[in-house]
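In what follows, a structure is listed as structure tokens, so that the remarks can point back to it.
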Amino acid sequence: MQCMVCKQNTAKVHFTQIVGDKMQRVDLCEECAKAKGVNDAGSFSFADLLLGISGEKDSAAAGATAVAAAEVDELKCPTCGFTQADFKKNGRLGCPECYNTFADGLEGLLKTMHKGTRHVGKMPMALKAKTDSSERLKSLQKRLEKAVQQEDFELAANLRDEIRQIAPRSSTPAAP
Amino acid sequence: MELINFLSKPSDFSRRTGPNDKIVLSSRVRLARNIRGFAFPGFAKKAERVRAFEVLRPAIEATAAMADRFAGSMDTLDALDKQILVERHLISREHAAKGPGSGIVFNHQEILCVMINEEDHLRMQAIYPGLQLKKAFAAIDALDSDLESRLDYAVSKDLGYLTACPTNLGTGIRVSAMLHLPGLVLAEQINPIIQSVNKLGLAVRGLYGEGTEALGNIFQVSNQMTLGESETDIVARLDKVLAQIIEHEENGRQSLLEKKPKVLFNHIGRAYGVLSNAYSISSKETMNLLSLLRLGHDLGFLPGVERALVDELSIVTQPAHLRKKFSDELQPEERDLLRADMLRERLAGVPRPQCKALGDDASLDKPQE
């Protein structure tokens, strides 16, 4: 069997991926597999990264759908102008903002690459403080509602004071 | 200051010691960081990369840890200096190929090193000799905390630190150790070990990182996943796996000594023979044979020899180091001659290896009385 990329060497690396209900098969020689990063566990799981081989193979038949797909696919990062096609080319994103732009497409990819899809660990202090205080505020407000429902007005008053301390400007209505 | 004068001398560098340094050559933790408002280096145009560089470099140079430092832009370093930095594991091969808008800052003794505009805006690493992952993490964590007040990091609450490649997203951390595993290689146990380490979600690579071969029986083990697991958990997981690999390597060496002492001694004796008698030798062969000499030292076959000598030779016999010492114009064949001269000279005072494990057989090596 011939390598699908260089069309010279014998294909030794065979790669099958099921996308939706379609099976894609890629046969590569060792050099091309290496060049395309198929050996690299981080990036091998997306056959379309390789070449868009499936589209090239039966381009006549796929022509019409490819055009339609191109229009839909032409998602572009408003900040840096990076497109999905760029990502397929080298597996790197354009700028930090791309993570918002391509969030939907990335979710599945992150699942295959990582232990989870939500960050656990270090955060810059400034961001951490902001996140912490907004979470604390939420929990205090919940407790306040509950206290009011249970007519525990002493507790409610204490909670209200605590909330005022964290968010003195927001959420405090002007005194009557 | 000239690069070569700032770098530690190979003779000093090879004298550094750390826990378990018979097997663990070094421990390294690197963090990937980017700043808001700039495209990632691989996608940014040259002008934007240069603008980012102008923001990044002064911020790094202002940190306390980098008070005593070497800093340079890649276009001001010549090709030979860049190659020396690669041979010292301070920059990647990819980074060595970069020009204006990319750079490097590292401190005295090369413990901390920051690559500017490699794949990410910042790739910062801490390296310590021996098995000291926690110490390396603490050092790079401190530098990162210092930098976060000086730079506007690109970070999201849900995804953590944003990186050019999604494989580094989250913590942006790569924890790795450089391991010398001749015992497992000679006992032909290395492949199953690599496979089981891979199954634990860790990568095993060669001497110069991604896509390089394991010259001199040196392997790099590192984490692959960076999102969904905290830095301290990743460090702890690596520590645990490394402890097991160390045990396997020690067992491998011990069982070779007990079951196949002649095979072992044959390798080490031949390595000594070639290194101390060759008149032309390639860098690759040198690396592989010095690895066996190091093993011989660890097993007590080379009494009176400092391991630092072997480690120093594995630095100074590398191509760029030879060119720096002799001449930039050296052709590979000329380097092979000079390398052999250097090895013969430095090993002239080293007596032949002695293998006690061979017991009575060893007497065959001694002159008849």
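The values are calculated or read from the model by the stated rules, or taken from the named source; none is laboratory data. Since the structure is predicted, the reported quantities are computational estimates derived from the model, not experimental observations. Ideal geometry is used to build each Cβ from the backbone, glycine not excepted, and the neighbour counts take in all protein chains shown. Note: areas computed on protein heavy atoms with side chains; ligands, DNA, RNA excluded. Shrake-Rupley method; radii C 1.70, N 1.55, O 1.52, S 1.80 Å.
For B:LYS325, the lysines whose Cα comes closer than 18 Å to its Cα, not counting residues fewer than 8 places off in the same chain, are B:LYS9, B:LYS82.
Placing a label point 7 Å from the Cα of B:LYS284 along the Cα-to-Cβ direction, the residues of region B:305-323 whose backbone N falls under 18 Å from that point are B:317-320. To the nearest whole number, what is the average tally of beta carbon atoms from other chains within 10 Å of the beta carbons of peptide B:221-228? Neighbouring Cβ atoms belonging to other protein chains average 5 per residue here. Residues in region A:108-119 carry Karplus couplings, in order, of x, 4, 4, 4, 6, 8, 10, 5, x, 10, 10, 5 Hz; the curve used is 6.51 cos²θ - 1.76 cosθ + 1.60 with θ = phi - 60°, and Gly or Pro positions show x.
Taking amide H positions as modeled 1.01 Å from N, with prolines and chain starts lacking one, the residues under 5 Å from B:ILE173 and 5 or more places away or on another chain are B:ALA32. Placing +1 on each Lys and Arg Cβ and -1 on each Asp and Glu Cβ, with no other charges, gives chain B a dipole about its Cα centre of roughly 200 debye. The phi-based Karplus calculation (6.51 cos²θ - 1.76 cosθ + 1.60; θ = phi - 60°) puts the 3J(HN,Hα) values of region B:334-350 at 5, 4, 4, 5, 5, 4, 5, 4, 4, 5, 4, 5, 5, 9, 4, x, 8 Hz, whole numbers, x for Gly and Pro.
Mean residue ellipticity, 222 nm, helices only, chain B: the sum of -39500 (n - 2.57) across DSSP H runs of n ≥ 4, divided by residue count and rounded to 500, is -13500 deg cm²/dmol. Close amide H pairs (under 5 Å, H built 1.01 Å from N) link B:GLY206 with B:GLY211, B:THR212, B:GLN220, residues at least 5 positions away or on another chain.
Taking 0.36 nm per residue of separation and subtracting the current Cα-Cα distance, fully stretching the chain between B:ARG36 and B:THR76 would add 11.7 nm. Estimated at 0.36 nm per residue, the fully extended path between B:ALA348 and B:ALA243 surpasses their Cα-Cα distance by 34.1 nm. The B-A contact accounts for roughly 3000 square angstrom of buried accessible surface, both chains included, probe 1.4 angstrom.
For the pair region B:331-357 / region A:90-143, the C-alpha centres are spaced 55 Å from each other.
Here B:LYS22 is the anchor, and the aspartates and glutamates within straight C-alpha reach of less than 18 Å, apart from those fewer than 8 places off in the same chain, are B:ASP12, B:ASP239, B:GLU247, B:GLU249, B:GLU250, B:ASP298, B:GLU306, B:ASP311, B:GLU312.
If I take all pairs of Cα atoms in chain B, what percentage of them are more than 27 Å from each other? Every Cα pair in chain B considered, those over 27 Å come to 51 percent.
Measuring between alpha carbons in the structure, the pairs from B:LYS260/B:LYS284; A:LYS115/B:LYS135; A:LYS122/B:LYS134; A:LYS7/A:LYS89; A:LYS130/B:LYS157 lying more than 18 angstrom apart are B:LYS260/B:LYS284; A:LYS115/B:LYS135; A:LYS7/A:LYS89. Treating r as the C-beta distance of A:GLN150 and A:VAL120 and R0 as 35 Å, the FRET efficiency rounds to 0.50.
Which values of log₁₀ I(q)/I(0), to two decimal places, follow from the Debye formula for region B:26-71 at q = 0.14, 0.18, 0.20, 0.33 Å⁻¹ with a uniform point scatterer at every Cα? Result of the Debye calculation: -0.45, -0.70, -0.81, -1.16.
Once the C-beta distance of B:LYS157 and B:ASP328 is scaled by a Förster radius of 51 Å, the resulting FRET efficiency is 0.50 to the nearest 0.05.
Spatial offset of region B:57-117 relative to region B:284-319 amounts to 28 Å, using the alpha carbon center of each. Working from label points 7 Å from Cα in the Cα-to-Cβ sense, the B:LYS260 to B:LYS9 distance is 4.1 nm. Remark: region B:67-187 carries 28 Å² of accessible area per residue (probe radius 1.4 Å; ligands, DNA and RNA excluded). Is region B:260-358 rounded, prolate or oblate when judged by the Cα gyration tensor, a ≥ b ≥ c being the square roots of its eigenvalues, rounded requiring a/c under 1.5 and prolate requiring a/b larger than b/c? Here region B:260-358 falls in the prolate category. Between the listed residues B:GLY296, B:PHE265, B:GLN195, the Cα displaced farthest toward the positive end of the dipole of chain B, a dipole computed from Cβ unit charges relative to the Cα centre, is found at B:GLN195.
If you plug the beta carbon distance of B:ALA62 and A:ALA85 into 1/(1 + (r/R0)^6) with R0 = 25 Å, you get a FRET efficiency near 0.05. Taking 0.36 nm per residue of sequence separation and removing the Cα-Cα distance, the B:SER196/B:SER149 pair yields an extension gain of 12.8 nm.
What you get for region B:260-358, charging only the Cβ of Lys and Arg (+1) and of Asp and Glu (-1), is a dipole of about 500 debye around the Cα centre. Against chain B, whose longest principal axis comes from its Cα atoms, helix B:283-298 is set at around 70 degrees. In whole angstrom, region B:20-176 maps to an equivalent ellipsoid with semi-axes of 23, 19, 14, each derived as √(5λ) from the alpha carbon gyration tensor and ordered largest first.
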